[in-house]
Structures are given as structure tokens and as C-alpha cells.
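Below you'll find the structure, written out as C-alpha cells, and then a few comments.
The values are calculated or read from the model by the stated rules, or taken from the named source; none is laboratory data. None of these values were measured; they are calculated from a predicted model. Cβ atoms come from the backbone with ideal geometry, glycine included; neighbour counts cover every protein chain shown. The accessibility values were calculated without ligands, DNA or RNA, using every heavy atom of the protein model including side chains. Shrake-Rupley method; radii C 1.70, N 1.55, O 1.52, S 1.80 Å.
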Amino acid sequence: MASLQLAQKARELVGINKTARLYRAICKEIPRVMTIYDIDIPYDEAKKAVRGHIAENKDIRDERVIDMVIEKGYMELEETLLQHKQRPHLLTYLSQGLHGVNSKQGANRKKLDLDASIEEQFDRA
């Protein structure tokens, strides 16, 4: 089985800004991923989605947790490059990066809030 072992290589790197290295590695592979999965999203928009996912973890201060999240990022990149993901998974990932993880998508878009108006209740279809 083919393996890029990006997470292991990242663990061996000693650098000042590990997050920036991960971001650069992902941005470098965006055109290739877009071609592999046949996704018609502009490069800048995909880059913004990746930036959104990285920004979600900006408040983490514990060095061990930071290392774990960065290693997980490299593992996600490796799985994507080895085509272990499907196209809808990647589209959801990009959409969450652009609009936030908690945005209403899928089945959640039809769920009503507690303060939903009568128009929203009849407009769910």
C-alpha cells in the first residue's frame, strides 16, 4: 500500500512555526487535489477554506495539543492525496472551512430554532 508518511516527516521537522508549514504544504497541494477530485472551486476560495479550518484552532495554547492537531492535519492531507476520501467529503470540508463548522447544512438546515417565526416554520420545504 502506498503511503506518503507526511505526519511522520512533520514530526521530524523542528521549526518555529509548525502551523505555517502545514498551511503551506496544504496550499501547495490544493491544485492537485482539485484536479484529482474534479472540484470547480477557485484556488483562492479553497485556500480561504483551509485558512478557516486553521483559524478554528487559533486559541489552543497547549503545545502537545498543537502538535496533535498539526499531525492530524498532515494525516488528513495524506488521506486526501491518497484518495481515501470521496468527493462529497471534501466538498463538505471546504464548505465548513468557508462558512464555519456550525453552519446549517444537510439535515441541520431543516431544524428549527426555538425562536423560529411562523414563516420559517412553513418555509422549511
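All conditions in (1) among the hydrophobic types (A, V, I, L, M, F, W, C); (2) within 30 Å of THR19 (Cα to Cα); (3) modelled with pLDDT under 90 hold for LEU90, with the sole exception of (3).
Within segment 92-103, residues that are among the hydrophobic types (A, V, I, L, M, F, W, C) have Cβ atoms under 9 Å from residues that are modelled with pLDDT of 85 or more and not in a helix (DSSP H, G or I) in these pairs: LEU94/ILE39; LEU94/ILE41; VAL101/GLU56, counting only partners at least 6 apart in sequence or on another chain. One residue is enough: does segment 19-41 have a residue meeting the conditions assigned to a loop (DSSP other than H, G, I, E, B), of a type outside the set (Val, Ile, Thr), modelled with pLDDT of 90 or more and open to solvent by 60 Å² or more (accessible area, probe 1.4 Å)? Among the residues of segment 19-41, at least one is assigned to a loop (DSSP other than H, G, I, E, B), of a type outside the set (Val, Ile, Thr), modelled with pLDDT of 90 or more and open to solvent by 60 Å² or more (accessible area, probe 1.4 Å), which makes the answer yes.
Residues in segment 42-78 that are open to solvent by 60 Å² or more (accessible area, probe 1.4 Å) and not in a helix (DSSP H, G or I): PRO42, GLU56, ASN57, LYS58, ASP59, ARG61, ASP62.
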